[in-house]
Amino acid sequence: MKRTPLYQVHKILNAKFTEFGGWEMPLQYSSIVKEHLAVRATVGLFDLSHMGEFEIRGQGANELVQKLSTNDVGRLTDGRVLYTLFCNEAGGIVDDLLIYRHANNHYMLVVNAANIEKDLKWVETHNDSGAEVKDVSENTALIALQGPKAIDILNPLVLEQDVSEISFFRFAVDEVAGIPTTLSRTGYTGEIGFELYVDANSAEDLWNALYPAVMEAEGQPVGLGARDTLRLEAGLRLYGMDMNDDTNPYEVELGKFVKSKNRKFIGKNALLREKKKGIAKQMIGFQMLDRAVARAGYPVYQSGEHVGCVTSGAPSPSLKYGIGFAVVTSQTISEDDKIDIEIRGRMHPAKIVTAPFI
C-alpha cells in the first residue's frame, strides 16, 4: 500500500491504520467519536495527502477542463474553486472533483485517491487541445484544518493573508509557517476550515507547526473514520459509495452541478436524454428510528416493497442516532415518509429527512 509523507508522524501518534483506495491511512488516533466531536466543538487536523492533484496548463487548458467538466469552468475567475463531475458518454460519474483556477490556462484538479490512475488516463485520453497535463500527486501533500477554531489557529502562521477573508470555495497562495502553501476553503465537514497544499517534503514541518496549537485548543488529529461521519452529517457524497461509473448525477441529487446551456462536455447528450425521460432513481437521506445502524448495501423497503439500497450509513456522533443515504426507485417517497431497512434479516424503522443532517 502507498503511504503519505506523514506516515511516520501518524505512527508516533499511535494511529490505528486502515486501507483506503490503495493507501495505508490513519483510521483513528483516539476514537472516532472523540475526533468527530472535537471538529464540531474546537478543531481537527487531517492528513489528506492521499488525494490526487493534476496540473493543467497551456493554451489548450481551458478547452480541456471545459470538455471534461459537467459544471461550467468558464464561470471561474483566478482564486476560485469549482466542484464538478467527470461523466462518461453514458452519463455515468467517472469521479467528483475540485477545479482550482490559478490563472488563465492554469488549473489544478483535485481528484479522489482511489481514482488517480483512472482519472489521469481519462484526462490524457481526451486531451486533444494540446494542454500540458501533469500528475503532481506524489509531490503534493494536503493537510486540512477544520473546526470553529481553525481561523484562530491558522492566522498567526500565515505571512500575509488574513484567512478569515478567504470566502467559501476561494483560495490564496501564501506562506504558512514559512512554507509556500496554497490555502483553500472548500471543506468536507460542514465546519469552518481550510485545506493546505504544500510540497510533500514540507508536509511534516507544516504538521508540526499546526499540531501544538491544535492540541492547545483541545482539538484532535483526525482519521478517516471521523472524516466519514463528519461528511455524512454534512450531507456530502462519497465516490465509490454514493456514486460510481454507473450512476448519473441526477440519481444522486447532484444535477445542480450539470450546466449544459451553451456548452459541450462529455456525457451531455446522455444526461439531457435522462433528464427528459425522467429519472428512475433518487437519493434520499434517512434517520433511523431505533438504535440500529444501517450500512451500505442494506435493502430499503416502503410498505413492504423493496425500493432500493443504502449507499452510506453510520451512527451520528452529534445527533446520537443512525443516519445515511439510500438510492431508491420509488418516485412517491418524500420527507418524513417512513421506510424500513433490513439489517441482518430484521426490519428496522427509519424516516426520510433532508440532508444535511446537521
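Structure notes:
- Sparsely packed loop sites in the stretch 153-189 (the chymotrypsin sites (Phe, Trp or Tyr not before Pro) outside DSSP H, G, I, E and B with at most 12 other Cβ atoms within 10 Å) comprise Phe168.
- Charge dipole of the chain about the Cα centre (unit charges at C-beta), most positive-ward option of Thr70, Leu210, Pro156: Thr70
- Length gained when the stretch Asn244-Asp199 is fully extended (0.36 nm per residue, less Cα-Cα span): 13.2 nm
- Cα pair distances exceeding 13 angstrom across the stretch 280-358, given as percent: 61 percent
- The stretch 1-41-the stretch 248-306 distance, computed between alpha-carbon centres (Å): 31 Å
- Loop-located GluC sites (Glu not before Pro) in the stretch 75-140 whose Cβ has at most 14 other Cβ within 10 Å (DSSP): Glu89
- The stretch 191-214 and the stretch 44-79 have Cα centres separated by 22 Å.
- Extension gain for Thr332 to Glu305 (0.36 nm times residue separation, less C-alpha to C-alpha distance): 8.5 nm.
- The ranking of Val222, Val252 by Cβ neighbour count inside 10 Å, starting from the fewest, reads Val252, Val222.
- Förster radius 41 Å - calculated FRET efficiency between Lys16 and Lys281 (Cβ-Cβ, nearest 0.05): 0.70
- Share of pairwise Cα separations in the stretch 19-134, more than 20 Å, in percent: 49 percent
- Of the Cα atoms belonging to the stretch 103-251, the radius of gyration and Dmax stand at 16.9, 51 Å.
- Of Lys16/Lys256; Lys121/Lys259; Lys320/Lys351; Lys256/Lys351, those spanning more than 27 Å from alpha-carbon to alpha-carbon: Lys16/Lys256
- Each of Met25, Met215, Met283 has some number of other Cβ atoms within 10 Å of its Cβ, and from fewest to most they run Met215, Met283, Met25.
- Put in order of Cβ neighbour count within 10 Å, fewest first, the listed residues Thr70, Thr229, Thr42 become Thr42, Thr229, Thr70.
- Within the chain, DSSP assigns beta bridges of which about 95% are antiparallel (rounded to the nearest 5).
- A convex hull fitted around the alpha carbon atoms of the stretch 13-57 yields 109 Å³ per residue.
- Nearest-20 debye value, the chain charge dipole, Cβ charges on Lys, Arg, Asp, Glu: 1160 debye
All of the numbers you see were taken from the coordinates with simple rules; none came from a lab. Note that the coordinates shown come from a computational prediction; the quantities given were computed from them, not determined experimentally. Neighbour counts run over all protein chains shown; Cβ positions are idealised from the backbone, glycine included.
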